[in-house]
Amino acid sequence: MPAFPATSVTEVNVRGSPPFWLPGVHAARRPFLLKRGKIAAALHAWFAAHDFVEVETPALQVSPGNETHLHAFATELLAPGGECHALYLRTSPEFACKKLLAAGEARIVDFARVFRNREYGALHHPEFTLLEWYRANEPYETLMGDCAALLVETAKAVDTLEFTFRGRAMDPFAPPQRLTVAEAFARYAGIDLLVTVDKGQGDRARLASAAEHAGVKIATDDTWSDIFSRILADKVEPHLGHGHATILYEYPMPLAALARAKPGSDKVAERFELYACGVELGNAFGELTNAGEQRARFEAAMNEKQRIHGERYPLDEDLLTALAQMPPASGIALGLDRLVMLATGANRIDQVIWAPLGETSRRTKS
């Protein structure tokens, strides 16, 4: 018996586009996918040549991550005795990697499949690959050099002289521009950002006033962090990564997440993001190893998540214990799929994923 009625049926996936397995669709995508393989091979080789140990960390975690606006997929483990334990698909391999640093590993890299809910679009896919690597006892500025090197290796792998995305282009061989967040806000939005940060806290009223003066629309219930994100998206990000990559560094302390404070500062943290063609590719930290401070940050983020989204995730107590013996380190997560997009000229992330999400949302008879 046929699976569907004999009438012509067109499958439409959750993006509203034809399924990837149709021969014509696959043929159009295949050049991007073959280049993906070349890029991945080149990056594996680069890390091996620089004495990184490639690790494989588990997708199932007791906590998927504790950032306010990251949403996870939940599941459960049924033990042999029938007990049920809540688990999550990881949003990053970060927690497991930090435990390996605590165990004694010095340079590690993970080509990790990760999962994020509520994320689907040209630059987002619910399941994607994070290239995440860590250096124990090395400053986070070293990661900036890593990023520059990986852009070059990626370009060489597919024999291209430029990365492109929707009319924007950059030279992957050009040294990245380094720009502090404060410099970027002053240059592109006319805002003195750090005057709105005091002792690690953001002054909402001052930033709201500056945003309105810059022509950025805000809502009455926007927090300092919300307003920062609006200014960044509207005024700053469109200017980043043109002609050359941009390393946007020294994020304000209210957005430090898992990063330590810059030595001698209570305003900025050792955090940077890598941009190319206006697209954010990577997020790096000089890692916070103070377990008490990290716990407080996690709890504050989960309180905010509860307030905004009505949910919270458990803390990974094992991680907080491991931080006590973890060495000083720097780490970065880089979106491999986005990197492949820019290097191959693809317009959407699902063009560079071999088997993008294909759950059928509806069937239409023609």
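What follows is calculated from the coordinates using simple rules that are stated; it is not laboratory data. Note that the structure is predicted; figures quoted are calculated from it, not measured. Cβ sites come from the backbone with ideal geometry, for glycine too, and all protein chains shown count toward neighbours.
Structure data summary
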read-out	value
Using θ = phi - 60° and Karplus 6.51 cos²θ - 1.76 cosθ + 1.60, couplings along the range 285-293 (whole Hz; Gly, Pro as x)	9, x, 5, 6, 10, 7, 5, x, 5
Relative contact order of the range 18-107, pairs being alpha-carbon contacts under 8 Å that are 6 or more residues apart, as %	24 percent
Amide H contacts under 5 Å for Ala72, placed H, 5+ residues apart	Asn117
Of Gly190, His85, Gly24, farthest towards positive along the dipole that unit charges on Lys, Arg, Asp, Glu beta carbons give the chain	Gly24
Segment Asn303-Trp354, length gained on full extension (0.36 nm per residue, minus Cα span)	14.6 nm
The chain - mean residue ellipticity at 222 nm from DSSP helices (-39,500 (n - 2.57) per run, n ≥ 4, rounded to 500)	-10000 deg cm²/dmol
Residue-span extension gain [His124 to Glu141] - 0.36 nm each, minus C-alpha spacing	3.4 nm
Positive-end extreme of charge dipole, the range 62-163 - chosen from Ala72, Ala112, His124 (charges on Cβ)	Ala72
Residue order, fewest to most beta carbons within 10 Å, for Lys98, Lys305	Lys305, Lys98
5 angstrom amide H check on Glu287, placed H, neighbours 5+ away	Arg260, Ala329, Ser330, Gly331
DSSP-loop GluC sites (Glu not before Pro) across the range 295-325, with at most 16 other Cβ within 10 angstrom	Glu311
Karplus-derived HN-Hα couplings along the range 27-36 (A = 6.51, B = -1.76, C = 1.60, θ = phi - 60°), whole Hz, x at Gly and Pro	4, 5, 8, 4, x, 5, 5, 5, 5, 4
Distance (nanometres) between label positions extended 7 Å along Cα→Cβ at Ser17 and Leu60	3.3 nm
Ala49 paired with Arg178, simple spin-label distance in nm, labels 7 Å along Cα-to-beta-carbon	2.3 nm
Charge dipole (debye, nearest 20) of the chain; +1 at Cβ of Lys and Arg, -1 at Cβ of Asp and Glu	1120 debye
Inter-label distance for Glu293 and Ala149, nm, one decimal - labels placed 7 Å from Cα along Cα-to-Cβ	2.8 nm
